[in-house]
Ligand code: G2I
């Protein structure tokens with residue numbers, strides 16, 4: 001193992017921008033005076049202050065609705081020094097019809113960031129998704145002007161207020177070819193340079209990024225991004241950074257992650273982890289959460305090892321507000337905070353990787369209660385189970401894991417989907433009963449065969465956290 005060269009102060013100007021003494025002081029003050037929700041150990045062990053001490057930032061993403069969740073906002077303001085609006089700066093919100101701009105939703109997020117001394121990443125100006133249909137319906141000859149007008153107005157509105165912009169998001173297919181969207185169809189690959197130049201003209205100081213997923217390792221898609229950035233740089237097009245979304249699957253942080261970031265940095269751009277999460281097949285086991293801690297530590301260590309890596313943003317604050325369960329049914333638990341915004345092992349691992357001391361991990365209290373009733377006959381039974389959210393935050397999508405007594409095999413179920421039929425089973429909500437407000441209950445049931453044991457299941461856990469049983 002090689003000896004590490006001391007790395008402070010960081011040589012890149014953009015990194016020094018995050019060492020701003022005022023920000024660190026405000027963060028430390030906030031950490032010292034607020035209740036220790038979501039924080040383990042001493043006052044200076046927040047992710048944001050530890051990251052800033054290393055010359056990088058640690059950020060999160062929030063949507064408008066999150067602003068009403070005090071458990072979430074407490075953790076966000078104390079632990080994270082950078083904020084990305086999850087949806088509010090996207091085209092469908094900011095210019096829903098041509099020439100009509102609405103920045104009010106994003107301004108609310110910006111104001112939260114300001115109140116909490118967080119910097120802002122702008123996300124995103126040009127993207128095929130969350131694009132209002134009027135753009136894709138335009139005659140191709142009008143798309144360039146519409147794109148430039150959109151960029152000019154939005155960037156001008158936030159001029160001087162944002163650290164960076166994801167100017168172009170997800171331009172590539174998996175094989176490295178350009179995605180055929182309204183912009184590529186109208187302008188060919190030149191839309192990227194045009195978008196960057198337009199953004200630079202509207203705000204000369206915001207860092208301009210290209211952002212994509214599945215470009216973390218070396219593969220055809222990251223090769224395409226690399227070649228694009230190299231070509232843009234050689235033409236003098238203003239590109240300052242590349243964002244690696246990093247929507248990982250448990251245990252699959254690519255082995256070429258560091259080398260890949262390094263080759264981009266060598267082109268003279270900054271690199272950032274922009275949308276980190278690490279999804280786990282539910283129910284998350286203790287082993288899974290430990291592996292996730294390793295994955296998070298690997299990401300932090302990778303950024304710290306690459307000069308030019310300016311920071312890490314997690315996509316969401318906790319498991320309750322993560323996009324994962326809604327998009328990948330059966331998966332979740334992808335962030336550092338559980339459904340009640342208590343730190344998970346991945347939080348402690350990130351703190352440790354940043355040089356802090358996580359102290360003793362708080363033992364999560366149950367945020368759910370389960371009651372059940374069995375109706376058995378000689379070879380079969382039915383069971384009704386009621387799940388109550390005893391936590392303080394709304395559960396959006398649930399997976400209730402439990403262990404069936406030996407010999408029981410599920411033959412049918414109602415109000416939930418159950419897999420597998422025996423052993424450690426997970427009951428997952430259906431489309432209509434996934435949301436459980438604090439204090440709310442929902443019931444589901446199943447029919448099973450048995451070989452003599454007709455007792456209730458045991459070891460209930462909700463989205464990875466144990467439940468009490470009555
Ligand atoms: O899809 C995950 C991320 C991939 N990279 C770019 C990010 O911008 C993207 O974020 C997600 C948001 O976290 C989701 O919240 O982008 C999704 C859309 O592609 C967002 O989901 C959408 C829902 O699909 C819509 O049904 C909903 O109306 O959020 C919308 C606004 O709440």
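Of (1) part of a helix (DSSP H, G or I); (2) on the phi > 0 side of the Ramachandran plot, residue 191 satisfies all except one. Which?
All conditions are met except number (2).
Looking only at the stretch 275-293, which residues are surrounded by fewer than 24 Cβ atoms within 10 Å (Cβ to Cβ) and part of a loop (DSSP other than H, G, I, E, B)?
Of everything in the stretch 275-293, just one residue is surrounded by fewer than 24 Cβ atoms within 10 Å (Cβ to Cβ) and part of a loop (DSSP other than H, G, I, E, B), namely 285.
Of all residues being under 20 Å from the mean Cα position of the chain (by Cα) and in a loop (DSSP other than H, G, I, E, B) in the stretch 93-140, which is surrounded by the most Cβ atoms within 10 Å (Cβ to Cβ)? Just the residue, please.
Selected residue: 118.
Does the stretch 315-322 contain at least one residue that is outside any strand (DSSP E or B), farther than 21 Å from residue 391 by Cβ and either within 16 Å of the ligand (Cβ to nearest atom) or at pLDDT below 95 (or both)? Please lay out each step first, then the result.
First, pick out the residues of the stretch 315-322 that are outside any strand (DSSP E or B): 315-322.
This time we only want the ones that are farther than 21 Å from residue 391 by Cβ, so: 315.
Applying the additional criterion that residues be either within 16 Å of the ligand (Cβ to nearest atom) or at pLDDT below 95 (or both) yields 315.
Scanning the stretch 315-322, I find at least one residue that is outside any strand (DSSP E or B), farther than 21 Å from residue 391 by Cβ and either within 16 Å of the ligand (Cβ to nearest atom) or at pLDDT below 95 (or both), so the answer is yes.
Please enumerate the residues belonging to the stretch 227-255 that are within 16 Å of residue 297 (Cα to Cα) and surrounded by fewer than 15 Cβ atoms within 10 Å (Cβ to Cβ).
Of everything in the stretch 227-255, those that are within 16 Å of residue 297 (Cα to Cα) and surrounded by fewer than 15 Cβ atoms within 10 Å (Cβ to Cβ) turn out to be 251, 252, 255.
Name the one entry in 239, 229 that is assigned to a loop (DSSP other than H, G, I, E, B) and either within 16 Å of the ligand (Cβ to nearest atom) or touching a residue at least 12 places away in the same chain (Cβ under 8 Å) (or both).
Details: 229 fails: assigned to a loop (DSSP other than H, G, I, E, B).
Residue meeting the stated conditions: 239.
List, please: which pairs have Cβ atoms under 9 Å, are six or more places apart or on different chains, and start with a residue in the stretch 119-142 that is at positive phi and end with one that is at pLDDT 95 or above and within 12 Å of the ligand (Cβ to nearest atom)?
Short answer, once both residue conditions are applied: 130/87; 130/90; 130/91; 130/92; 130/93; 130/124.
May I ask you to verify whether residue 191 is within 16 Å of the ligand (Cβ to nearest atom) and either surrounded by fewer than 22 Cβ atoms within 10 Å (Cβ to Cβ) or under 16 Å from residue 212 (Cβ atoms) (or both)? Can you show your working first?
On the way: within 16 Å of the ligand (Cβ to nearest atom): no; either surrounded by fewer than 22 Cβ atoms within 10 Å (Cβ to Cβ) or under 16 Å from residue 212 (Cβ atoms) (or both): yes.
So residue 191 fails the test.
With (1) in contact (Cβ under 8 Å) with a residue 60 or more places away in the chain; (2) out of contact with any helix residue (DSSP H, G or I) (no Cβ under 8 Å at 6 or more places or on another chain) as the list, and residue 191 as the residue in question, which single condition is left unmet?
Unmet for residue 191, out of (1) in contact (Cβ under 8 Å) with a residue 60 or more places away in the chain; (2) out of contact with any helix residue (DSSP H, G or I) (no Cβ under 8 Å at 6 or more places or on another chain): (2).
Considering only residues that are more than 16 Å from the ligand (Cβ to nearest atom), in a loop (DSSP other than H, G, I, E, B) and crowded, with 23+ Cβ neighbours inside 10 Å, which ones fall in the stretch 204-226?
Step one: list which residues in the stretch 204-226 are more than 16 Å from the ligand (Cβ to nearest atom), which gives 204-208, 217-220, 223-224, 226.
In the following step, the residues that additionally are in a loop (DSSP other than H, G, I, E, B) were identified as 204-206, 217-219.
Result: 206, single match.
Enumerate the strands (runs of 3 or more DSSP E) found wholly within the stretch 367-470, keeping only those where 2 or more residues are within 19 Å of residue 319 (Cβ to Cβ) and under 27 Å from the mean Cα position of the chain (by Cα). Steps first, answer last, please.
Working: elements: 368-376, 380-389, 399-403, 409-414, 417-419, 424-428, 441-449, 458-462.
Fully inside the stretch 367-470 and qualifying: 380-389, 399-403, 424-428, 458-462.
What are the residues in the stretch 243-267 that are out of contact with any helix residue (DSSP H, G or I) (no Cβ under 6 Å at 6 or more places or on another chain), away from the ligand (no atom under 16 Å from the Cβ) and not in a helix (DSSP H, G or I), if any?
Of everything in the stretch 243-267, those that are out of contact with any helix residue (DSSP H, G or I) (no Cβ under 6 Å at 6 or more places or on another chain), away from the ligand (no atom under 16 Å from the Cβ) and not in a helix (DSSP H, G or I) turn out to be 252, 254, 255, 256, 266.
Any residue in the stretch 325-345 that is within 29 Å of residue 273 (Cα to Cα), without any contact (Cβ under 8 Å) to a residue 40 or more places away in the chain and within 16 Å of the ligand (Cβ to nearest atom)? Before the answer, list the steps.
Our first condition is that a residue be within 29 Å of residue 273 (Cα to Cα); within the stretch 325-345, this holds for 325-345.
Pick out the ones that are also without any contact (Cβ under 8 Å) to a residue 40 or more places away in the chain and you get 327.
When the remaining residues are screened for being within 16 Å of the ligand (Cβ to nearest atom), the result is 327.
So far as the stretch 325-345 goes, yes, one or more of its residues are within 29 Å of residue 273 (Cα to Cα), without any contact (Cβ under 8 Å) to a residue 40 or more places away in the chain and within 16 Å of the ligand (Cβ to nearest atom).
The values are calculated or read from the model by the stated rules, or taken from the named source; none is laboratory data. Predicted model, so just to flag it, every value in this text is computed and none were measured. Using ideal geometry, Cβ is built from the backbone for each residue, glycine included, and neighbour counts are taken over all protein chains shown.
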